[in-house]
Amino acid sequence: MNKEKRIDFIVHGVAASAGVAFGKAFVFQEDVYNIEKRTVLLEFRSQEKKRLEKAFEDTKADIEVAHIKLNSELGKDYARIIDAHLLMLEDPDFKKDVFKFISEGDNAEYAVHKVINKITASFETIKDDYFKERIHDIRDVGEKIIDNLLGKKKESFSNLQEGCIVVAHNLTPAETISIREKKIKGFATDIGGKTSHTAIVAQGLAIPAVTGLRNIASIVCSGDEIIINGNKGIAILNPSNETIDIYKKELDIELNEKKELENLKKFVSVTIDNHKVGILANIDDPGEAKVASDNGAEGIGLYRTEFMYFNREVMPVEKEHFEKYCEVANQMSDLPIIIRTIDLGGDKLAKLGLLDSTQEKNPFMGLRAIRLCLKYPKIFRAQLKGILMASAFGDIRIMYPMISGIEELRAANKILEQVKKELKTENVAFNENIKIGVMIEIPSAVLIARELAKEVDFVSIGTNDLIQYSLAVDRVNENVANLYDPLHPSILRFIKKIIDDAHAEGVKVSVCGEMAADTRYTGILLGFGLDEFSVVPSRVLKIKKTIRGLSFEKSQEMVLEILKSSEKQQILDAVDRFNEEFKCLN
Ligand code: PEP
Ligand code: MG
């Protein structure tokens, strides 16, 4: 039962992924240990110590395996990162302290927990940042020992029932994808905005999600009934029968619309005045390529490869990259597949030893995407090699994310050339003329779009980040979600500039940010002269339907009008008038 018992209790949040869902809540408890304290009787204390010894041995073995893997894949410099874990585990004082608490009657888990807390508390008073950072290592080791004592690898979603609605304070993209197989109906979270990666994953799965609900996880209990309205950004707790009926009708309408959209598969994406644009799909897993092609996508406009790095302990090697990309190539036949090199960092945090941006104070401005690849070329090379090898089996292209200046593009290309050379000496087949593109998602790149376009084959606008970085609005922070505005005059002018600059160099432009998937903005992007829309597979047909109802000429007239204005209301009025005339409702 809800702690809040109000019937039809509406909580407002951010409409993160379209659609409505009704079902029972599964409240996901975050991965924090609630260590149980038990008193161990005197006669069982030596047994408890043996249990601890065994957990230490298992933990040591786990760390050694990770060390060997890291060493062979990345070299000894990277492997050294986890040497600190081994040192701590073998520290006789550490074990002595834990034994002492067991001798006093604590159970082993609680004794480890106490010692870890004691050590980290003493580190917290140290001013040196390096030592402070070691707190994470200490906690990691403690967690590993406790995992082994409890005989478990954390499986927070193991009790998840199919058909429920997951309610959580926060879901990392890694957690979201780990439940992708579970066939859940929707997500509701306390935090997050419309373009957080959790929202994007939900869109990819075509399930409704509402984020930024602030305290939903604390007022809902597992088993409570809940409605998620991802179109309006609300959750309704304890829905009455009347409300359930209304939502059932809405679900029927959605299902009918889906069927209607199916009929569009065989038609091209052309406006009423015969202007053709491309509609491609964004994916983050090879499995989604099937959905993309089933929905008639004309290629993959963005393959977010960083998802491959989540929920694992070792880096993917080139063979794994190769296999994943070939899987997509098999699915898409000769259609283009744009593989974006890893964009780890920001809210896509992987914890693979060195790749742990949770430790950065401002990860969106930190070691993210191409910056990380250029800093750790070994990781980058493994991916580039996998992509090149796969390029012999399909129209595979490479796209670099987060490019802020021409030097980064050249540095990335230099590494690519080295990898090509390597493959040649190894006699491995690949496409020597593989197409290269950049994402434009940072204002500095917008201002040099023309120069960038001279050196690439295609350009893709990442509006999710472009809006975040231009307006200084954190894309995952619900407190500023109202300021995250694709219609801000500066954003509109940026997009127009990128398209014009790229076209001046004969280079095609796509938008792969969420703006491309929102039908309220289709007319604007069309009017700017955008060549391709790249959207989650579940939106391909909806965007196609919208384009087929639009006039290119009228779109061009509308954008001329909005580009003249610097006032939000005027822009909004002009866009609303246009969308009403052409029935572009999201
Ligand atoms: C974007 O920024 O618009 C984009 C498509 O990339 P991501 O959402 O993965 O940052
Ligand atoms: Mg981006």
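The values are calculated or read from the model by the stated rules, or taken from the named source; none is laboratory data. For clarity, every value in this text was computed on a predicted model and none was experimentally measured. Ideal geometry is used to build each Cβ from the backbone, glycine not excepted, and the neighbour counts take in all protein chains shown. For accessibility, only protein heavy atoms count, side chains too; no ligands or nucleic acids. Shrake-Rupley method; radii C 1.70, N 1.55, O 1.52, S 1.80 Å.
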Item checked: Dipole of the chain, positive end: most advanced residue of Ser17, Cys221, Leu87 [Cβ charges, Cα centre] -> Leu87
Next item on the list: Take the alpha carbon atoms of segment 443-478, find their center, do the same for segment 267-308, and report the distance between the two centers in whole angstrom.
Entry: 21 Å
Notebook entry, point to check: Of Met399, Val317, Phe56, which is farthest on the positive side of the dipole of the chain, counting Cα position, with +1 on Lys and Arg Cβ, -1 on Asp and Glu Cβ, and the Cα centre as origin?
Noted result: Phe56
Note to self: Please compare each pair in Lys258/Lys319; Lys185/Lys375; Lys348/Lys554; Lys185/Lys265 to a cut-off of 28 Å on the Cα-Cα distance and tell me which ones are over it.
What the structure shows: Lys258/Lys319; Lys185/Lys375; Lys348/Lys554
Note to self: Over 18 Å apart: what share of the alpha carbon pairs of segment 441-497 falls there, rounded to a whole percent?
What the structure shows: 33 percent
Notebook entry, point to check: Net charge near Ser196, counting Lys/Arg +1 and Asp/Glu -1 over other residues with Cβ under 11 Å of its Cβ?
Noted result: -1
Next item on the list: Please state, to two decimals, what the Cα-based radius of gyration of segment 278-434 comes to when divided by 2.2 N^0.38 Å (N = residues).
Entry: 1.01
Check: Which values of log₁₀ I(q)/I(0), to two decimal places, follow from the Debye formula for segment 229-314 at q = 0.22 Å⁻¹ with a uniform point scatterer at every Cα?
Finding: -1.05
Margin query: With N set to the number of residues, divide the alpha-carbon radius of gyration of the chain by 2.2 N^0.38 Å and report two decimals.
Written below: 1.04
Next item on the list: Provide the per residue accessible area, probe 1.4 Å, for the chain, rounded to a whole number of square angstrom.
Entry: 45 Å²
Next item on the list: Would you please name the GluC sites (Glu not before Pro) within segment 478-566 that are DSSP coil residues with at most 15 other C-beta atoms within 10 Å of their C-beta?
Entry: Glu505
Note to self: Give me the percent of accessible area attributable to carbon and sulfur for the chain, probe 1.4 angstrom.
What the structure shows: 52 percent
Margin query: Students often check this: by mean Cβ neighbours within 10 Å, which of 214-227, 333-346 ranks highest, and how do the rest follow?
Written below: 333-346, 214-227
